[in-house]
Amino acid sequence: MFKTLVKVSAQPLATANSAKNISATHLFFKHSTLLTKSLLTLTALVSSASFAATRWDMATPYVDATHHTQNVIQFAKDVKQATKGELEIVVHSGASLIKHTEIARAVRTQQVTIGEVFIGILGNSDPIYKLDNIPFLATNFEQAKALYAASKSTLEKKLDKDGMMLLYSVPWPPQGIYSKAPIKTIDDLKGGKMRAYSPTLSRLSVLLGATPTTVQTVEIPQAFSTGIIDMMITSPTTGVSSQAWDYLSNYTDVQAWIPKNMVIVNKRAFKRLPKEVQGELLAMADKAEKRGWEMAEKETVEKTKALSDNGITVAKPSAELMSSLKKVGDVMAKEWADEAGAEGKAVLDAYHP
């Protein structure tokens, strides 16, 4: 009887212990699951923090309609995609963030991290920046590429000295003369009020007997309508984007030179990027440079046609005009070489058009 009682009483005891064990096991797994979830959440937060996108504001001087800005916008998209969102470049076009003349300084001082500038606008700081604005030194895209190749290392060295890096450079179409009256000879330029956007163009204006006036791209229509200027030397791209047919009627296609823009970045900001991101940024810059040169060639044809389609008389220059302009170009080339010294001579010696 006693044994039976023991057996009977022992079973509930085992069941109770089992229940406790099951409860403890369930509690253990519950706590383990919560702990695992907490660790996963913490890991995700840490990963998100380490993967947080770096945002760069990019100042550009030209409106969205220009091929330069279109190329920049695509470059920013490419960088974001290639870095899987780790680097985001926010484009502020049309000098909406910083005036064109201040962009390089802003990049140097990290007011913005990255920017696009017309190379010639920096001509007062070093003669190397004036090189591709010298009239008739390079007048087609193959010559422009050769001149860029000859001068690129020197350009990079100058930027590096100021704490900046060159990412890529893209040309404008060849430059022509916009005027209210036809330009047949160099005498037709004398006494004019010419738009100047670089030190080199200011010097050219003086040599042509015109008065140089600094006018940025976005100010062109107003400058013409108020009589501040009555002629300009610029690309078909700028002529179309500023709707030149609203304030003048002649374009003389002298193809004087092929200037370039460059996209520059603050060197310290670049070095703070992870190595993989640096590599993707440089790869996308190479892609943008190649695309930009192709766009410029296509742009030349399309925008010159657009000028004509909108009522501007597009004329080939007379032999007399070209002869006179080339003489002025020779003067400016010699002046540049004298100013640039041995460094400039080395660049010109390396240039094989």
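Return the long-range amide H neighbours of Asn261 (sequence gap of 5 or more, or a different chain), with a cut-off of under 5 Å between placed amide H atoms.
Amide H to amide H, under 5 Å and 5 or more residues apart or across chains, Asn261 pairs with Ile119, Val170, Trp172.
With each label point set 7 Å from Cα along the Cα-Cβ vector, what nm distance links Lys316 and Ala65?
Going by the 7 Å Cα→Cβ label model, 2.9 nm.
State the extension gain, in nm to one decimal, for the chain segment bounded by Thr101 and Val331, taking 0.36 nm per residue of separation less the distance between their alpha-carbons.
Residue separation times 0.36 nm, minus the Cα-Cα distance, leaves 80.1 nm.
Just the number please: accessible area per residue for the chain, 1.4 Å probe, all protein chains included, in Å².
Result: 50 Å² of accessible area for each residue.
Which entries of Lys158/Lys334; Lys80/Lys260; Lys80/Lys298; Lys145/Lys327; Lys157/Lys184; Lys152/Lys327 show an alpha-carbon separation above 30 angstrom in the structure shown?
Pairs exceeding the cut-off: Lys157/Lys184.
Just from its helices, what would the mean residue ellipticity at 222 nm be for the chain, if runs of 4 or more DSSP H residues each count -39500 (n - 2.57) and the sum is divided by every residue, rounded to the nearest 500 deg cm²/dmol?
That calculation yields -18000 deg cm²/dmol at 222 nm.
Using only the Cα atoms of the range 187-227, build the gyration tensor, take square roots of its eigenvalues as a ≥ b ≥ c, and label the shape rounded, prolate or oblate: rounded if a/c is under 1.5, else prolate if a/b is larger than b/c, else oblate.
Judged from the Cα gyration tensor, the range 187-227 comes out oblate (a/c at least 1.5, b/c at or above a/b).
Which of rounded, prolate or oblate describes the range 254-353 when judged by the alpha-carbon gyration tensor and an a/c cut-off of 1.5?
Oblate, because a/c is 1.5 or more while a/b does not exceed b/c.
Computing the accessible area with a 1.4 Å probe over protein heavy atoms, can you report the carbon and sulfur percentage for the range 54-347?
Carbon and sulfur: 50 percent of the exposed surface of the range 54-347.
Would you give the gap between the C-alpha center of the range 192-262 and the C-alpha center of the range 268-317, rounded to a whole Å?
Computed from Cα coordinates, the inter-centre distance equals 21 Å.
Between exposed trypsin sites (Lys or Arg not before Pro) in the chain, where DSSP calls loop and at most 15 other Cβ atoms lie within 10 Å, what's the longest gap?
1-83
The values are calculated or read from the model by the stated rules, or taken from the named source; none is laboratory data. This is a predicted model, so every value here is computed, not measured. Here Cβ is always computed from backbone atoms with ideal geometry, including for glycine, and neighbour counts include all displayed protein chains. The protein model used for the area step is the full one, side chains on, heavy atoms only, and it has no ligands, DNA or RNA in it. Shrake-Rupley method; radii C 1.70, N 1.55, O 1.52, S 1.80 Å.
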